[in-house]
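The values are calculated or read from the model by the stated rules, or taken from the named source; none is laboratory data. Treat the numbers as computed from the prediction; the structure is a model and nothing was measured. Reconstructed Cβ throughout: ideal geometry from the backbone, glycine too, with neighbour counts over all protein chains shown.
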């Protein structure tokens with residue numbers, strides 16, 4: 001490197017090549033992506049609309065680049081600080097500078113700086129003050145000088161400096177050598193790797209004396225005397241042990257045979273045999289037991305924490321993404337029920353856009369069934385309710401039975417009922433967002449509204465809730481909270497922009513996750529909309545305070561306007577590509593509106609005549625073939641067993657249907673409708689080998705399970721999916737016996753019809769192009 005200080009924003013070619021190789025991306029794509037990020041580009045925008053520049057890198061790759069970029073810019077900044085510090089001490093040699101500039105690892109960088117870092121007064125410091133450094137240098141050099149060691153050591157005896165004997169001199173010299181060993185970067189790196197490769201995590205039960213907390217429920221019983229290699233311990237067990245330690249129930253350490261560590265150090269230190277050899281061996285043993293072991297253990301503990309955090313955050317991230325992208329029931333009127341026994345069931349009705357219409361309270365479980373039925377019938381008829389969403393909390397199965405009987409009694413076969421997860425609904429109800437939306441409504445009513453809206457569109461409603469309150473994390477409170485929050489925000493951003501957002505119906509809580517839009521500008525958009533009415537074009541958003549050219553560029557492609565002035569505003573085609581679409585329309589001799597309504601016209605397109613990159617052009621054609629498409633699956637409701645409502649109703653060998661509520665590293669939890677999720681251990685998820693549970697299931701998925709065991713005392717249910725699978729053949733994924741997953745539009749036997757399943761009367765042919773576009777716009781509505 002040149003002598004001048006390197007700007008942390010400008011990474012060296014060596015670092016760029018290292019990142020490209022590590023992430024397996026082309027160098028030109030890496031450089032282009034870094035440039036776009038530095039210009040203020042958002043990850044969703046770059047991934048979707050800058051494929052020509054990046055070589056079609058996806059969001060995961062771009063976020064990895066963003067992460068590595070931050071890491072190495074921090075490293076460069078720290079490196080310059082270290083170089084300046086060592087130079088100020090007058091100890092920066094050309095060789096040391098070259099080593100510092102060459103390292104691409106933060107741990108190695110700190111190892112190189114360790115001998116020069118300001119430190120407290122140590123045994124080695126005291127020995128140097130006594131003038132024993134030349135004796136330590138003799139031991140370290142391992143070169144015969146013609147003077148025997150004991151004779152040389154005799155010259156350092158100085159009672160005034162508290163060096164009364166030869167042994168005192170040798171001991172002080174060994175302290176200096178021990179510190180030198182502990183501060184030698186290569187030896188630290190080798191010892192760290194040895195501890196990671198051969199170390200064993202050992203956890204034991206802490207003494208219950210001195211006010212230590214007791215493990216009354218036996219949550220940590222398996223870790224009272226537990227051993228597992230550092231190298232292979234999975235994140236969930238490491239986090240469990242750490243939580244047990246934090247609660248003073250466990251303590252853990254990392255064991256390594258001291259002979260393996262000292263042997264490694266000897267191999268790296270010994271150069272020649274002599275009278276110094278026994279003293280070096282004593283210094284090595286002292287270094288390991290007094291300095292290096294504890295220091296390296298601390299580093300490995302921190303590394304295990306980081307590794308476990310990353311795994312746990314990854315599980316949380318994947319679960320959240322699957323929940324956010326769960327199939328929406330769509331724009332239908334819904335009656336939401338927040339179940340309760342003594343306090344009654346709170347009822348709220350929303351229209352097809354999610355607008356709150358009415359609320360009430362019914363008491364079907366306290367002897368007022370007739371009145372509850374009458375109230376429900378009135379609300380269903382008055383507001384043309386098409387679905388009933390029931391929260392899955394207390395009294396949910398009793399309420400589900402009541403609603404089933406109600407639908408059967410009134411022969412409402414065109415209305416379906418669904419159990420909806422209410423995790424986080426109470427948090428939303430008491431939040432500032434809920435108070436802002438419904439300032440005059442009670443908390444319980446807000447909860448019923450949220451339950452109804454979650455059925456219509458899980459994404460639009462769940463973005464209002466702190467992800468940590470949704471209940472799909474793994475030891476979420478034990479991981480790095482800042483890193484967790486950043487990761488979850490990124491997931492929400494990805495999901496929102498993947499689906500797209502209706503500019504005229506979306507709440508500010510959804511709009512704030514659109515690429516290029518902040519919370520302030522989202523509020524400004526809603527305020528502008530309230531004051532001026534519907535947006536009629538994407539370009540109109542430029543009039544909103546806070547939306548400049550860069551914000552518009554980033555956001556426009558993810559915003560949708562239905563029935564506006566420009567047909568393309570209802571698609572994912574970016575305004576910067578409208579000219580390309582106009583050119584395309586000319587080549588096929590049709591208007592844009594005609595192409596949207598009749599995508600078969602695109603078969604006549606001659607791509608060679610269009611001025612656009614291949615990635616961009618292919619995306620435009622794909623979008624025009626399915627304009628405004630929703631990437632989420634079709635909605636299908638689970639069918640809980642009617643005779644299983646409480647934990648006591650569950651018995652071994654039962655075959656039940658349920659919903660995956662949480663996927664962890666050790667298995668998946670499934671809601672089978674008894675207020676207590678059952679666990680399908682990873683070994684029971686599939687009859688083929690899977691490394692991760694996420695290979696077999698995802699949060700929100702409907703599955704069939706067999707009950708293996710039930711423990712009513714500890715409230716644990718063991719389930720199996722493997723027991724219902726036929727043996728896999730030819731590498732194919734095994735299928736459950738006796739049934740197959742419903743296909744889109746397929747009705748489950750014995751279940752009420754659903755909006756997507758019942759036959760719809762054919763609409764009369766549209767009379768005009770405007771009518772056709774208006775009909776098309778009703779396919780896609782997001783609040």
Return a yes/no flag: does region 596-606 have any residue that is modelled with pLDDT under 95, in a loop (DSSP other than H, G, I, E, B) and touching a helix residue (DSSP H, G or I) at 6+ places or on another chain (Cβ under 9 Å). yes
Quiz item: Condition test on residue 204, is it at pLDDT 95 or above, outside any helix (DSSP H, G or I) and within 30 Å of residue 714 (Cα to Cα)?
Solution: no
Flagged in region 9-38 as modelled with pLDDT of 95 or more and not in a helix (DSSP H, G or I), in numbering order, are 24, 25, 26
In the set 152, 196, 156, the lone residue that is touching a helix residue (DSSP H, G or I) at 6+ places or on another chain (Cβ under 7 Å) and not in a helix (DSSP H, G or I) is 156
- prompt: Out of all the residues in region 272-285, is one or more part of a helix (DSSP H, G or I), more than 19 Å from residue 141 (Cα to Cα) and touching a helix residue (DSSP H, G or I) at 6+ places or on another chain (Cβ under 7 Å)?
  reply: no
Among (1) modelled with pLDDT of 90 or more; (2) farther than 19 Å from residue 46 by Cα; (3) surrounded by fewer than 23 Cβ atoms within 10 Å (Cβ to Cβ), residue 487 falls short only on (2)
Considering region 505-515, residues that are under 11 Å from residue 560 (Cβ atoms) and modelled with pLDDT under 95, and then whichever is surrounded by the most Cβ atoms within 10 Å (Cβ to Cβ), we arrive at 506
Selection from region 317-331 of residues over 15 Å from residue 499 (Cβ atoms) and touching a helix residue (DSSP H, G or I) at 6+ places or on another chain (Cβ under 7 Å) yields 317, 318
Among (1) part of a loop (DSSP other than H, G, I, E, B); (2) in contact (Cβ under 8 Å) with a residue 24 or more places away in the chain; (3) within 21 Å of residue 273 (Cβ to Cβ); (4) touching a helix residue (DSSP H, G or I) at 6+ places or on another chain (Cβ under 8 Å), residue 145 falls short only on (2)
Being in a loop (DSSP other than H, G, I, E, B) and not assigned by TED's automatic domain parsing to the domain that holds residue 700 narrows 436, 474 down to just 474
Within the bounds of region 115-130, is there any residue that is over 54 Å from the mean Cα position of the chain (by Cα), in a loop (DSSP other than H, G, I, E, B) and surrounded by 13 or more Cβ atoms within 10 Å (Cβ to Cβ)? yes
> Can you find even one residue in region 485-499 that is more than 30 Å from residue 58 (Cβ to Cβ) and either outside any loop (DSSP other than H, G, I, E, B) or in contact with a helix residue (DSSP H, G or I) (Cβ under 8 Å, 6 or more places away or on another chain) (or both)?
Replying inline: no
Condition set part of a loop (DSSP other than H, G, I, E, B) and free of Cβ contacts under 8 Å to residues at least 12 places away in the same chain, scope region 39-83, selection nearest to residue 575 (Cα to Cα): answer is 39
Looking at the structure I just gave you, is residue 79 surrounded by 17 or more Cβ atoms within 10 Å (Cβ to Cβ) and farther than 16 Å from residue 180 by Cα? yes
For region 24-33, the count of residues that are closer than 19 Å to residue 104 by Cα, within 23 Å of the chain's Cα centre (by Cα) and buried (at least 16 other Cβ atoms within 10 Å of the Cβ) equals 1
Residue within region 218-227 that is in contact with a helix residue (DSSP H, G or I) (Cβ under 7 Å, 6 or more places away or on another chain), under 15 Å from residue 304 (Cβ atoms) and without any contact (Cβ under 8 Å) to a residue 40 or more places away in the chain present
yes
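One line per residue, one yes/no per condition, for (1) under 60 Å from the mean Cα position of the chain (by Cα); (2) at pLDDT below 95; (3) assigned by TED's automatic domain parsing to the domain that holds residue 282; (4) over 21 Å from residue 281 (Cβ atoms):
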position	(1), (2), (3), (4)
132	yes, no, yes, no
135	yes, no, yes, no
142	yes, yes, yes, no
145	no, yes, yes, no
151	no, yes, yes, no
155	no, yes, yes, yes
162	yes, yes, yes, yes
170	yes, no, yes, no
- prompt: Can you find even one residue in region 533-555 that is in contact (Cβ under 8 Å) with a residue 60 or more places away in the chain, touching a helix residue (DSSP H, G or I) at 6+ places or on another chain (Cβ under 6 Å) and assigned to a helix (DSSP H, G or I)?
  reply: yes
